[in-house]
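The structure appears below as C-alpha cells.
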Amino acid sequence: MTRERLTLYDTTLRDGQQTQGVQFSTDEKRQIAEALDTLGVDYIEGGWPGANPTDSAFFEAAPQTTARLTAFGMTKRAGMSAENDDVLAAVLNAGTQSVCIVGKTHDFHVKTALGITLEENIDNIAKSIAHLVAQGREALFDAEHFFDGYKANRDYALEAIRAAYDAGARWIVLCDTNGGTLPAEISRITRDVIAAGVPSDRLGIHTHDDTENAVACTLAAIDAGARQIQGTLNGLGERCGNANLTTLIPILLLKEPYASQFEIGVTRAALKGLTRTSRMLDEILNRVPMKQAGFVGSSAFAHKAGLHASAIAKDPSTYEHIDPALVGNSRIIPMSNQAGQSNLRKRLSDAGLAVAKGDPALGQILEVVKDREAQGYAYDTAQASFELLAREVMGQLPHLFEVERYRVTVERRRNSKGRMVSLSEAVVVVEVDGEKRLSVSESLDADGSDRGPVNALSKALVKDLGKYSSLLDDMRLVDFKVRITQGGTEATTRVIIDSEDGQGRRWSTVGVSANILDASFEALLDAIRWKLIRDRAQ
Ligand SMILES: CC(=O)SCCNC(=O)CCNC(=O)[C@H](O)C(C)(C)COP(=O)(O)OP(=O)(O)OC[C@H]1O[C@@H](n2cnc3c(N)ncnc32)[C@H](O)[C@@H]1OP(=O)(O)O
Ligand SMILES: CC(=O)C(=O)O
C-alpha cells in the first residue's frame, strides 16, 4: 500500500517565540533551525522579518536548510495596496521561497480587531496572496480563528479561506487560535471544509493547547483529511503552547493507523535524535526538561512500582508502549518506597553493584529506603544518593574524607555606594588522609553578584579536598529544589540538588533536615561523594 505524504511545518521560531519568557537570540534561532533540519521537518518558519531586529537578522544570514525556510507576516492593511504595504514588503524582503501570512476569518475579529468591513478583509486576503504569488513565492495562508469563525458565521469563514485558495495559496491552514475547540469539532469542521471545495492535500492544521488537546486536535484533523501539520518542539507557543511536534512525530512514525497510512520527512534513524533535540531546546531556554513529557521526558520510561519493575526485568514490553531507544530515550528503574527487589537489583546493577537474587542485603536496603522516605527523603529522583545509601548498607562505601564541621554566615549590609547587598561566607573543616584542612569561601560571583549561602558552602566544600580536588574541577551545581515535607510527624525541609560534570553526566542527590542549609549540605556532600566514587571506579 502506498503511503500518503504528511507535511511537517515547524513554528518553534515564530509561535514558539510567542511563549511567555522565551526570547531566542539570532544564534539560538540558527542552532534550532539546524536541529529541526537534521530531524527532517519540511518547513521551518523562521519568524516575522521586520517585526524585530532578531528575526530580521536571522533571515539576513539564514542557515542553508533542506527544509523550506519560511517568513511569516500578515495580510496587507486596508486602504493601501499590497505593493505599498511596508509590513508585507519587509516579509517579502527576507527573500524566502515560502511566505506564510495570517489573515482574519472570523467576522467578529474583522469588525472588532481590524475595524474594517467584511468585504475589505476578503479583498486584503485575496490581494495579499496574489501579490506573493506574483512575486514567485509559494504562499501559505494561516486562517486565524477559523474554527470559532466557522461556528459564528460559516459562510464568511469559508469565503475567507476560499479567497486565499482562489488567489493561489498552496496551503490553507486552519487555525484554532484560541485553543478552545475539541477534537470532534475539529474533525467535523475540517471535513466540511474539504466538502466545500478545499482539497485535502492543500489543507493544514494549527492548534493550541489551551485545553491540553492540541495533539489530539491535530490527529483529528489528519483523520478528517488535513495534510500539513503545524507545531513546535516541546509544545512551545502562545499562552499554553502549540501542538507538540515532539509528541506528534513519534506518533506519526510509530502508532497506527498513522504509521501504515502516512509517510513523513523524519526517518526512523532521525527519530533516535528526538530526545536529544528536545533537551537541546530546554538547554537553550535554560529550563529543566519536563520529566513527564511523553516519549522524551526522563520519566517517560521510569518504572517506579515494584510490580512494574519486576515484569520489566522479564520483558520491557510489559509496561512500555514503545522501546525507549526508538526516540533516543532510556529506561530508568528508580528506587522508592514503591519498590520491590526487582527495582533494586536493576538499579544496583546499573550502578555496577551485582547482587544475587535473595541476597539479604536487598531486604536491608529496601528497609532503609522505606524508613528514610518516611523521614522525608525521596530516592526516586535522587538516584545518586540512593546509590551511596546502598553502598553503605552493603559495606561498599569507600571512606574518602570527613567533614569535621562547617559554618555559614549570611550578612546584609550597605556597600560603599550605599546600596543594600547580601553576602554569605562558608567555613569548612575537612579531614583527608588524616590531615585537617580549613577552607573559606564567599558567595560572590566573579561579577560581584551574590549567589547565596548554598553556593558559598558548595565552593568551600570542594576548595581543598587534597588529592580529590582536581577531580571536582568540572563539577557544577545546575539545579536546586526545596520542598517542605512531612518527615515523620514534623514538617521538615527536603533539598534536591542536580549536578553536572564535564563528561556530560547529570546526577541528583537529596538532603533532609529541619534546617535548609543542613539539608543542602547533606545533598552537596552526596553529590561530591558520588562523583569521586564514579571517577575512581573508571
Ligand atoms: C495568531 C498569531 O499568533 S499571529 C502572529 C502574531 N505575532 C505577533 O504579533 C508578533 C509580531 N508582531 C509585532 O511585532 C507587531 O505586532 C507588528 C510589528 C507586526 C505590528 O506592530 P504595530 O504596527 O505596532 O501594531 P500592533 O501590534 O499594536 O497592532 C497590530 C495591528 O495589526 C492589525 N492587524 C492584525 N491582524 C492583521 C491582519 N491579519 N492583517 C492586517 N492587519 C492586521 C491590527 O488591526 C493592528 O492595527 P491597528 O493598531 O491599526 O488596529
Ligand atoms: C497563526 C497563528 O499562530 C494562530 O492563529 O494561532
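Listing for the model above:
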{"quantity": "Selection within segment 390-433 - surrounded by 12 or more Cβ atoms within 10 Å (Cβ to Cβ) and of a type in the set (Gly, Ala, Ser)", "calculated": "Ala390, Ser422, Ser424, Ala426"}
{"quantity": "When residues of segment 203-261 are limited to those that are on the phi > 0 side of the Ramachandran plot and out of contact with any His (no Cβ under 9 Å at 6 or more places or on another chain), the one farthest from ligand 1 (Cβ to nearest atom)", "calculated": "Gly225"}
{"quantity": "Subset of segment 95-110 (residues that are part of a helix (DSSP H, G or I) and either within 11 Å of ligand 1 (Cβ to nearest atom) or crowded, with 16+ Cβ neighbours inside 10 Å (or both))", "calculated": "Asp107, His109, Val110"}
{"quantity": "Close pairs (6 angstrom Cβ cut-off, 6 or more residues apart or separate chains): more than 14 Å from ligand 1 (Cβ to nearest atom) in segment 41-68, assigned to a loop (DSSP other than H, G, I, E, B) and among the basic types (Lys, Arg) anywhere", "calculated": "none"}
{"quantity": "Subset of segment 455-485 (residues that are hydrophobic (A, V, I, L, M, F, W, C) and over 27 Å from the mean Cα position of the chain (by Cα))", "calculated": "Ala456, Leu457, Ala460, Leu461, Val462, Leu465, Leu471, Leu472"}
{"quantity": "Single unsatisfied condition, Ala167 versus (1) more than 16 Å from ligand 1 (Cβ to nearest atom); (2) open to solvent by 10 Å² or more (accessible area, probe 1.4 Å); (3) on the phi < 0 side of the Ramachandran plot", "calculated": "(1)"}
{"quantity": "Residue that is surrounded by the fewest Cβ atoms within 10 Å (Cβ to Cβ) [pool: residues in segment 1-37 that are of a type in the set (Gly, Ala, Ser), away from ligand 1 (no atom under 16 Å from the Cβ) and part of a helix (DSSP H, G or I)]", "calculated": "Ala35"}
{"quantity": "Lone qualifier among Asp192, Asp148, Asp155, Asp166 - being modelled with pLDDT of 95 or more and farther than 21 Å from Glu119 by Cβ", "calculated": "Asp192"}
{"quantity": "Cβ pairs under 7 Å, 6+ apart, first in segment 3-15 and away from ligand 2 (no atom under 12 Å from the Cβ) and of a type in the set (Val, Ile, Thr), second open to solvent by 10 Å² or more (accessible area, probe 1.4 Å) and part of a loop (DSSP other than H, G, I, E, B)", "calculated": "Thr7/Asp42; Thr7/Arg227"}
{"quantity": "Meets criteria (over 20 Å from Leu88 (Cβ atoms), open to solvent by less than 30 Å² (accessible area, probe 1.4 Å) and more than 13 Å from ligand 2 (Cβ to nearest atom)) for Gly149", "calculated": "no"}
{"quantity": "Odd one out for Ala113, checked against (1) within 13 Å of ligand 2 (Cβ to nearest atom); (2) more than 32 Å from the chain's Cα centre (by Cα); (3) surrounded by 17 or more Cβ atoms within 10 Å (Cβ to Cβ)", "calculated": "(3)"}
{"quantity": "Residue in segment 404-425 that is free of Cβ contacts under 8 Å to residues at least 40 places away in the same chain, under 31 Å from the mean Cα position of the chain (by Cα) and under 16 Å from Ala523 (Cα atoms) present", "calculated": "no"}
{"quantity": "Residue tally, condition under 25 Å from the mean Cα position of the chain (by Cα) and either within 16 Å of ligand 2 (Cβ to nearest atom) or assigned to a loop (DSSP other than H, G, I, E, B) (or both), over segment 65-94", "calculated": "6"}
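Residue-wise test of (1) open to solvent by less than 60 Å² (accessible area, probe 1.4 Å); (2) in a loop (DSSP other than H, G, I, E, B); (3) among the hydrophobic types (A, V, I, L, M, F, W, C).
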position: Val495; (1), (2), (3): yes, no, yes
position: Gly504; (1), (2), (3): no, yes, no
position: Thr509; (1), (2), (3): yes, no, no
position: Leu517; (1), (2), (3): yes, no, yes
position: Phe521; (1), (2), (3): yes, no, yes
position: Arg529; (1), (2), (3): yes, no, no
position: Arg536; (1), (2), (3): no, no, no
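The values are calculated or read from the model by the stated rules, or taken from the named source; none is laboratory data. Source: prediction; values computed, not measured. Cβ coordinates were reconstructed from backbone atoms using ideal geometry, including for glycine residues, and neighbour counts include every protein chain displayed. Keep in mind that these areas ignore ligands, DNA and RNA; they rest on the heavy atoms of the full protein, side chains included. Shrake-Rupley method; radii C 1.70, N 1.55, O 1.52, S 1.80 Å.
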